Structure formats: C-alpha cells, structure tokens
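Just below is one structure, and these are the notes that go with it.
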Amino acid sequence: RRGVPPPALRTFCERVGISKVDSNIDCSELENCVREAMDVGCPRAFAVLNPLAVTVKNWGGTSLEDIEVPRHPKIEEMGERTVPFGKRLYIERSDYFDAEGPEGVPSDGRPPRGFKRLAGIGSTVRLKYAYVIKVEEVKRDPETLEPIELICELYPETRGGGTDLPEGVPKPRGIIQWVETRTAVRVEVNQYDRLFKAEEPGASEFSGGDFLKDINPDSLSTVEGAVVEPSVAMDALQMMAMLRG
C-alpha cells in the first residue's frame, strides 16, 4: 500500500498554509514533501526492475567479492551493508542503449541527449561502488533480435567509487546500479502514479461533476521479475522477527 510519512504531511501543511479562499494545490507539492522526508530516513539498496544480463568475461570463475556499501550516502551513522559482486550481474535494461543494432537491421542511432550510460560496443560505465566495465559483445534473442546479454570487460584497478582513473582506463559515461545474479532476490514491485487524471477531480468535462470518473485506472502498476540485493531480504526478516517479539 502507498503511504505518506507523518513528517511529509507536517511539511506540506507548513508550506501550503491556510487560505480563506478555495484553491487547488498541485499534487507535486505533496510528492516533493514525501520525497524529502524519505530521502532523509530511508536506507538505500540496489534494485533492477527490468533486468538485462551482464557477463564479466575476465572475472575469475564463480567467486564472489563482498563490497561494503553505505546504507545512506549522506548519513554515516546508518552504517554499511554488504553487496556481493561476481561474474554475472543484472543491470537495468534502460541503462543500455542499443546503438549498433543487430546485423542487417537499422540501428537506433545515437542515444538521446544527456544519456550517460552504456550505448553500444566499446562504451564504458562505472558500476556503483564497484568497477568500470566496457561492452565487448552483445548477445541477442534469435527471434526478436533484442539484446539479452552484454559481454563486458572489467578494469580491476578501478574498484571503488573514485573519480581518478588509472592510465589507459577510458572515462566511464556514467554510474549505474547492479545486482549479482546468484544472490539476487526476486520481488514484486508496486509502482504508484497519481490517483486522479484531472488536476481538479470532478471538474473536468468528462466527469459531469463526479470525481470518481476522474480516477486514473493506471494509478497502480505491478512489476514482476524485478530483483534486489540480498540485504533487502535480510532487513525484512529482521523486521518480522522484531514485530513477532
């Protein structure tokens, strides 16, 4: 279920104030307050909603490396979490732009302006808190010709999140999150949009004064097949144990 933290409601009321005149307040004002409240109190975790497989060809066998990652980028008191890294990973499908296209099929051309992620063979990106990788090969579905796996090379000397790169390492286009495949936890994700299609429910020409006719039928969508890092499942188990006493 979608919820609103109490600090967000208090901030919203403070900003909106009290008026003697009827007025409509854009929903984005409340959304901004919720975003600010959650930014302060919520620990971070890696999640991939629409996974695209990545194989690191120069990673040694099936070994895993534990990478210590802060639970919050600005609040050190929240501590760290352990994220496994290995040969096979998932990245967000939208973090790869199919610049070349399959053989015999026109390519998508250049990526959109400002796109700072992977875009075809030879492109590089930093995996957040981990390594810089470069795309060497793209494997495709034989029927749809859509990319199903990226074969990448990893630069071992780039571990961490620093901006200083060793000599010979190409500058990455950007930073993306990732999840290791063997330890990934499958989850179902609820995505919430605005409840109403109209800025003023009940006042649109289609509603006839009935605000229920302005309800957005797509206000809730469910993403199946998403993956998250294992610490999310561990935190959930700990919370259940606390609630059970």
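Nothing in this text is a laboratory measurement; each read-out follows from the coordinates by a stated rule. Everything quoted here is computed from the prediction, not taken from an experiment. Cβ coordinates were reconstructed from backbone atoms using ideal geometry, including for glycine residues, and neighbour counts include every protein chain displayed.
Students often check this: by mean Cβ neighbours within 10 Å, which of 149-155, 69-75, 85-91 ranks highest, and how do the rest follow? Before the final figure, lay out the partial values.
Working: 149-155: 18.9, 69-75: 14.1, 85-91: 20.6.
Put in order of decreasing packing, that is 85-91, 149-155, 69-75.
What's the magnitude of the charge dipole for the chain around its Cα centre, counting Lys and Arg as +1 and Asp and Glu as -1 at the beta-carbon? Answer in Debye, nearest 20.
The calculation lands at about 480 debye.
Which is farthest toward the positive dipole end of the chain among Leu220, Val132, Pro142, measuring Cα position about the Cα centre, with Cβ charges +1 (Lys, Arg) and -1 (Asp, Glu)?
Val132
Relative to a virtual label point 7 Å from the Cα of Asn24 in the Cα→beta-carbon direction, which members of region 216-232 show backbone nitrogen distances below 19 Å?
Answer for this model: 216-219.
Can you tell me which lysines have their Cα less than 27 Å from the Cα of Lys128? Leave out same-chain residues fewer than eight positions away.
Lys57, Lys74, Lys87, Lys116, Lys139, Lys171
If you restrict to DSSP beta bridges whose two residues both lie in region 47-180, what percentage is antiparallel, to the nearest 5?
75
Just from the alpha-carbon atoms, what are the Rg and Dmax of region 1-142 in angstroms?
For region 1-142, the Cα radius of gyration and maximum Cα-Cα distance read 21.5, 69 Å.
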